[in-house]
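Peer 1: Sharing a structure below in structure tokens format, with a few things to ask.
The values are calculated or read from the model by the stated rules, or taken from the named source; none is laboratory data. Quick caveat, the model's predicted, so the values are computed rather than measured. Cβ coordinates were reconstructed from backbone atoms using ideal geometry, including for glycine residues, and neighbour counts include every protein chain displayed.
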Amino acid sequence: MLKREILFLLLISACVLPPPVPFIPPPTKQSTDGPNSLSEGLLTEYDIWELLKENPKETEVIRMLGAPDSIWVSDEQPYYVMYYYRPTLKDYNSIELNTKSRRVTGYEWDEQ
């Protein structure tokens, strides 16, 4: 009887799903960050739209635009939104990314 119970417990514990991998958002902009293509004005709005419509990875977006000013993660965590403040518009532009693939799934990038 004891062997059956141990075998049953071993079987049950082996069937449990592993815990989900926690989502770690990218770092936000710091006052010590250096200039990037966006902050230096080297990108046109068209360049940014062309980049985003190709659904790039998060690392490519950050390389081009720099770290976001803020990040919002949905409660269910299927996606997160990176916000970039545009002083000329006095508003934020947003880029939505999938938490698993970390690729762009949507964006709202307004003209200056």
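Peer 1: Test Glu76 against the criterion of being among the acidic types (Asp, Glu) and part of a strand (DSSP E or B), and give yes or no.
Peer 2: Spelling it out, it is not the case that Glu76 is among the acidic types (Asp, Glu) and part of a strand (DSSP E or B).
Peer 1: Something else about it: Name the residues in the stretch 99-112 that are part of a strand (DSSP E or B) and surrounded by 16 or more Cβ atoms within 10 Å (Cβ to Cβ), would you?
Peer 2: Selection gives Val104, Tyr107.
Peer 1: Continuing with the same structure: For a quick check of your reading of the model, give me the residue pairs whose first member lies in the stretch 37-50 and is touching a residue at least 24 places away in the same chain (Cβ under 8 Å), whose second is of a type in the set (A, V, I, L, M, F, W, C) and not in a loop (DSSP other than H, G, I, E, B), with beta-carbon atoms closer than 6 Å and at least 6 apart or on different chains.
Peer 2: Note: pairs meeting the criteria are Ser37/Met64; Leu38/Leu65.
Peer 1: Can I ask one more? Being within 16 Å of Thr105 (Cβ to Cβ) and either in contact with a Ser or Thr (Cβ under 8 Å, 6 or more places away or on another chain) or acidic (Asp, Glu) (or both) narrows it down to one of Glu50, Glu45, Glu54, so name that one.
Peer 2: Glu54
Peer 1: Pairs under 6 Å by beta carbon, first residue under 18 Å from Leu52 (Cα atoms) in the stretch 64-80, partner modelled with pLDDT under 90 and in a strand (DSSP E or B), six or more apart or different chains?
Peer 2: As it stands, the answer is Asp69/Tyr85, since those pairs meet every condition given.
Peer 1: Would you pick out the residues in the stretch 32-65 that are farther than 19 Å from Tyr92 by Cα, assigned to a loop (DSSP other than H, G, I, E, B) and of a type in the set (Ser, Thr, Tyr)?
Peer 2: Listed by number, the list holds a single entry, Thr32.
Peer 1: So, of the residues in the stretch 57-98 that are among the β-branched types (Val, Ile, Thr) and exposed (fewer than 13 other Cβ atoms within 10 Å of the Cβ), which turns out to be modelled with the highest pLDDT? It would help to see each step written out before you state the result.
Peer 2: Going through the stretch 57-98, the residues among the β-branched types (Val, Ile, Thr) turn out to be 59, 61-62, 71, 73, 81, 88, 95.
The next check asks that each one be exposed (fewer than 13 other Cβ atoms within 10 Å of the Cβ); those that pass are 59, 88.
Working: Thr59: 92, Thr88: 78.
Once the filter is applied, the top-ranked residue is Thr59.
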